[in-house]
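The structure appears right after this line, and notes come after that.
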Amino acid sequence: MAVVYVRQSSRQQVLEHRESTRLQYALVERAAGLGWARSRIVVIDEDLGRSAAVAGTRPGFARLVTEVTMGRVGIVVGIEMSRLARTGRDWHQLLELCSLSGALLADPDGVYDPGYYNDRLLLGLKGTMSEAELYLIKQRMASGRLAKAQRGELALPLPIGYARRGDGQVIIDPDEQAQHVVRLIFDMFTRLGTLNAVLRYLAEHDVRLPVRSRGGLDKGELQWRRASRETLQVMLHNPIYAGYYAYGRTRIDPTRQIPARPSTGRIVASPDEWLVALPGRMPAYLSVERYEANLARLAANRNTAATPGAVHNGTALLAGLLRCGRCGGHRVNVQYHAWGPAYVCSYEKTNYGAGTTCQHISAPALDRYVTEQVLAAITPAALQVSLHAAAQAEADRAQLDLLWRQRCERARYGVDRARRQYQLAEPENRLVVRQLERDWETALADADRLDRDYQRFRDTHPVTLSAADRDAITALANDLPALWAAETTTDADRKELLRTLIEKITVAVVGETELVDVTIVWAGGHETTGQAVRPVARLEQLSYYPRLIERIRALAAAGHTARQIADALNADGLRPPKRTNRFGVEQVRTILHQRGIRTQHHNTPVTVLAEHEWSVAGLAAALRMPTATAYTWIYRGWVTAHRASDDKHWIITADPTELDRLRQLRDRPPGYHQHRRWNPPNPPEPSQGDQE
């Protein structure tokens, strides 16, 4: 059969260049003149309006290749070779298939046999010229666009908040409400600091974005749409809001392009790679400095090793600010456990698989120390803080009130417009009048609902703060610790304040003790140093352990009871290793029992414990569990234990490795041990003495 291939490069050409399309369909007569019956002539025109630059987007060309491959085609007729392919790969593939199947190619100049070398050489030249022609066309168009862009005259798509006059001049959207919404977005990002926070604010107050339609019957009309993360991202990155005329902000990366999808593979170029950047050529909503500060804030919100990342709602307040002072200033991460969050540096272990964690610090202890330093630093400015807070609250309410008034004004205009349309209609034309009447009633209902909503907003959010509100703000500012601990202050608020005042914090645990060296680098570069105290696992880790034991021995020798010893230790300012601030009676008794220290109130000698030996009460206290649970583990054989010499007490053997295993056993979820009752996890092997 004969195939007549018909193609135009774009829909505009199909509509406007109809003579070319007619000539291509007339090639049916050419095929008939070459001897093919009309019943054996097939017209393939599925590619009308499709470019020949890529074969994957042309179903007609794919159908042609399939028919040629199956050997069903005797001749392919086209108005010119450029209609078949504009790339060398597609063109030579077609020539090879035609050569193998014996198909001919024909155009108005002649008939060619791809299997014949001279014809194939000529066809190859035609294909090369077709490809070069497309390249030259694209090059001329790109050069023209670039030259026009360098003069700032190339019309680019306008973002939200801008409009174009009939003469092509770009102006700020003349709609006051549209201007106010755009400025509100930038103001809220400056205040809240994250894109998600701005999005939540807009959704909470039902603030819609003004979008002008770019096509259709309502082209240029203002439409109000919900805010989305993608839209806000584009607005914050677009340099036109800072007055820049920018061209070439995106480019196509061929390595990322998906076959048959020419619009894919687009990447964002850095400002240094823009083809054209003309400052001051566009009306601006904000200064260049503020635009660059927004970009820097967006970059800092990315969670990378070099940036603190965005503020989240976790309870660890120093996330993103901590650097390790023991292994080269690497970032300290946050880990959340059942007993609370902790700051952990495991750089060597994570990246090289060597060693253990560099340091492990309880988050509440370090947070408490840094919070005290911050509150002490800002307390002198409490009055200025209260005045600024009051002014900021009134400014926020004024912005929202203005937005409400503009919405009400727009609704009243809609009512007036619907009324005028109804009055201009002929009363006899009921088909039109009924619809206009419904539109008028709908506009009246919307305006009335909006007025009621605005009144409720005014009742709950008056523009001017009352005297009671101002007194409450001043009272809170004068009691910053109470404001910091208030339920209305979220962890995200606390983190935001810390990041505003602090650039970074370097921490280094002193040996394995409870002491942590803390260096705070404040915003502006000033540094302060100090020591925080962290909970540790064992009594022996305390930096004052020898002094503590000597003090306990002295008090015991003097005949003091456990309660009296605990009171004396607390009066001396000594702390236990765990997360409590004061020694208790049971803790003192455990220490006396483990170290074999006797008091005058003991009638029997205390069993002396060797290294890695624990009493039942001592192990229970170390693992933060009831003593009864420790006895249950002994009876089930989950710990290594033996009777003391008096045959009354149990002594448990547990070195640091065994303690870690027991802690994991303790952290099992409720009900786990009951389900595994007859198959206990990792039961210890019985000793030789137990087997006997």
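The table below lists the values:
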{"read-out": "The one condition in (1) under 30 Å from residue 205 (Cβ atoms); (2) touching a Leu at 6+ places or on another chain (Cβ under 8 Å) that residue 245 fails to fulfil", "value": "(1)"}
{"read-out": "Set 392, 406: member being polar (S, T, N, Q), in the same structural domain as residue 438 (by TED's automatic domain parsing) and at pLDDT 85 or above", "value": "406"}
{"read-out": "Verdict on residue 207 being β-branched (Val, Ile, Thr), surrounded by 15 or more Cβ atoms within 10 Å (Cβ to Cβ) and not assigned by TED's automatic domain parsing to the domain that holds residue 402", "value": "yes"}
{"read-out": "Elements of type strands (runs of 3 or more DSSP E) contained in region 220-289, each with 1 or more residues being in contact with a helix residue (DSSP H, G or I) (Cβ under 7 Å, 6 or more places away or on another chain) and in contact (Cβ under 8 Å) with a residue 24 or more places away in the chain", "value": "222-225, 245-247, 276-278"}
{"read-out": "In region 151-195, the residues that are closer than 12 Å to residue 282 by Cβ, of a type outside the set (D, E, K, R) and without any contact (Cβ under 8 Å) to a residue 12 or more places away in the chain", "value": "169"}
{"read-out": "Segments classed as helices (runs of 4 or more DSSP H), wholly inside region 13-82, with at least 1 members that are among the hydroxyl-bearing types (Ser, Thr, Tyr) and surrounded by 18 or more Cβ atoms within 10 Å (Cβ to Cβ)", "value": "18-25"}
{"read-out": "Enumeration of residues in region 88-98 that are surrounded by fewer than 17 Cβ atoms within 10 Å (Cβ to Cβ) and either out of contact with any helix residue (DSSP H, G or I) (no Cβ under 6 Å at 6 or more places or on another chain) or β-branched (Val, Ile, Thr) (or both)", "value": "89, 93, 96"}
{"read-out": "Residue within region 281-302 that is out of contact with any Gly (no Cβ under 6 Å at 6 or more places or on another chain), among the β-branched types (Val, Ile, Thr), farther than 29 Å from residue 404 by Cβ and loosely packed, with under 14 Cβ neighbours inside 10 Å present", "value": "no"}
{"read-out": "Residues (part of a loop (DSSP other than H, G, I, E, B) and within 47 Å of the chain's Cα centre (by Cα)) located in region 83-117", "value": "84, 85, 86, 87"}
{"read-out": "Residue among 653, 657, 640 that is loosely packed, with under 13 Cβ neighbours inside 10 Å, at pLDDT 85 or above and not charged (D, E, K, R)", "value": "657"}
{"read-out": "Test for residue 556: is it among the aliphatic types (A, V, I, L, M), touching a residue at least 60 places away in the same chain (Cβ under 8 Å) and touching a Leu at 6+ places or on another chain (Cβ under 9 Å)", "value": "no"}
{"read-out": "Matching entry among 398, 411 (being part of a helix (DSSP H, G or I) and either surrounded by 15 or more Cβ atoms within 10 Å (Cβ to Cβ) or in contact with a strand residue (DSSP E or B) (Cβ under 8 Å, 6 or more places away or on another chain) (or both))", "value": "411"}
{"read-out": "Region 343-374, residues that are of a type in the set (A, V, I, L, M, F, W, C) and either farther than 21 Å from residue 503 by Cα or assigned to a helix (DSSP H, G or I) (or both)", "value": "354, 358, 363, 365, 366, 370, 374"}
{"read-out": "Single condition residue 206 does not satisfy, out of (1) farther than 20 Å from residue 402 by Cβ; (2) part of a loop (DSSP other than H, G, I, E, B); (3) among the charged types (D, E, K, R)", "value": "(1)"}
{"read-out": "Region 195-245 - residue that is under 23 Å from the mean Cα position of the chain (by Cα) and of a type in the set (Gly, Ala, Ser) and, of those, modelled with the lowest pLDDT", "value": "197"}
{"read-out": "Odd one out for residue 121, checked against (1) within 30 Å of residue 397 (Cα to Cα); (2) exposed (fewer than 13 other Cβ atoms within 10 Å of the Cβ)", "value": "(1)"}
{"read-out": "Test set (1) touching a helix residue (DSSP H, G or I) at 6+ places or on another chain (Cβ under 8 Å); (2) modelled with pLDDT of 80 or more - residue 607 fails condition number", "value": "(2)"}
{"read-out": "Filtered residue count, region 569-589, keeping only those that are small (Gly, Ala, Ser), surrounded by fewer than 15 Cβ atoms within 10 Å (Cβ to Cβ) and not in a helix (DSSP H, G or I)", "value": "1"}
{"read-out": "Test for residue 137: is it under 27 Å from residue 234 (Cα atoms) and of a type in the set (Val, Ile, Thr)", "value": "no"}
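Yes or no, residue by residue, for (1) surrounded by fewer than 14 Cβ atoms within 10 Å (Cβ to Cβ); (2) at pLDDT below 85; (3) out of contact with any His (no Cβ under 8 Å at 6 or more places or on another chain); (4) under 30 Å from residue 520 (Cα atoms):
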residue	(1), (2), (3), (4)
341	no, no, yes, yes
347	no, yes, no, yes
436	no, no, yes, no
445	yes, no, yes, no
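The values are calculated or read from the model by the stated rules, or taken from the named source; none is laboratory data. These figures come from a predicted structure and were not determined experimentally. Neighbour counts are summed over all protein chains in view; Cβ atoms, including those assigned to glycine, are modelled from backbone coordinates with ideal geometry.
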